[in-house]
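Since the structure comes first, as structure tokens, the remarks are kept for the end.
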Amino acid sequence: MPDEEKLWLLQAREGDEEAFSRIVEAYQRPVFNLCYRMLGERTLAEDAAQETFLRAFLGLKRYDPNRPFITWLLSIASHHCIDRLRRRRLRLVPLEELYRAPQIADAAPGPEKALAQSEQENELRQSLLHLAHKDRAAVVLHYWHGLSYAEVAETLSLTTSAVKSRLHRARRELAERWLRREAEMVTIRGRQDEASAV
């Protein structure tokens, strides 16, 4: 964490709301993205991100400065999202709501490639919503936020071996869903080809 952010944290721990608003600006994107990938809906993610920062502000006295702040913050966000998911019992959301997360594209691909990428991303994100809550959190933290196994373990209050096990199970489940979907698409295309040949 840069020295400027360390200063903001110190000031925020003393109750300085302006300093904490700078922290929010610095970390709002990763917190929102985690909430969005966990909850699958923009409005729920915005609410969860706000709640995360509120809880962080109220709990700053308990923050251990020897621990990376982002890990502590993502821990609050992931636990809050898991609680929300448990309460709503993971209702499925419409495909069009799944992933409109504001991501900045590196380069503008051609229309066909963009459509294919969009379809693959939607399929992956739909599959992600079917994972167990903590498995989903582990996947998002490890693969989207780049946290190590140990950091994911600390964030989710798990052992490192439990994180590895959850990630292995999640990868297997995602791969199985992907293969089933591909098989379905091959079958559909085959039927369409047969129908057009008649």
Exercise for the section: Compare the peptides 8-15, 150-157 by average per-residue count of other Cβ atoms within 10 angstrom and give them in order, highest first. Expected result: 150-157, 8-15
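Assuming 0.36 nm per residue, please report the length gained on full extension of the stretch Glu46 to Ala162 beyond their Cα-Cα distance.
Details: separation 116, 0.36 × 116 = 41.76 nm, distance 2.93 nm.
That pair, Glu46 and Ala162, stretches by 38.8 nm at full extension.
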Exercise for the section: Take the Cα of Arg13, step 7 Å along the line toward its Cβ, and report every residue of the range 20-62 whose backbone nitrogen sits under 20 Å from that point. Expected result: 20-27, 53-62
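Please give me the summed charge of the neighbours of His130: other residues whose Cβ is under 9 Å from its Cβ, Lys and Arg +1, Asp and Glu -1.
Values: positive: Arg136, Arg177; negative: Glu173.
My count for the surroundings of His130 gives +1.
R0 = 45 Å: FRET efficiency of Ala150 with Gln192, Cβ-based, nearest 0.05? Numbers along the way, then the final one.
Numbers: r = 49 Å, r/R0 = 1.08.
Calculated value: 0.40.
Values quoted throughout were computed directly from the atomic coordinates according to the rules given, and no laboratory measurement underlies them. These figures come from a predicted structure and were not determined experimentally. Ideal geometry is used to build each Cβ from the backbone, glycine not excepted, and the neighbour counts take in all protein chains shown.
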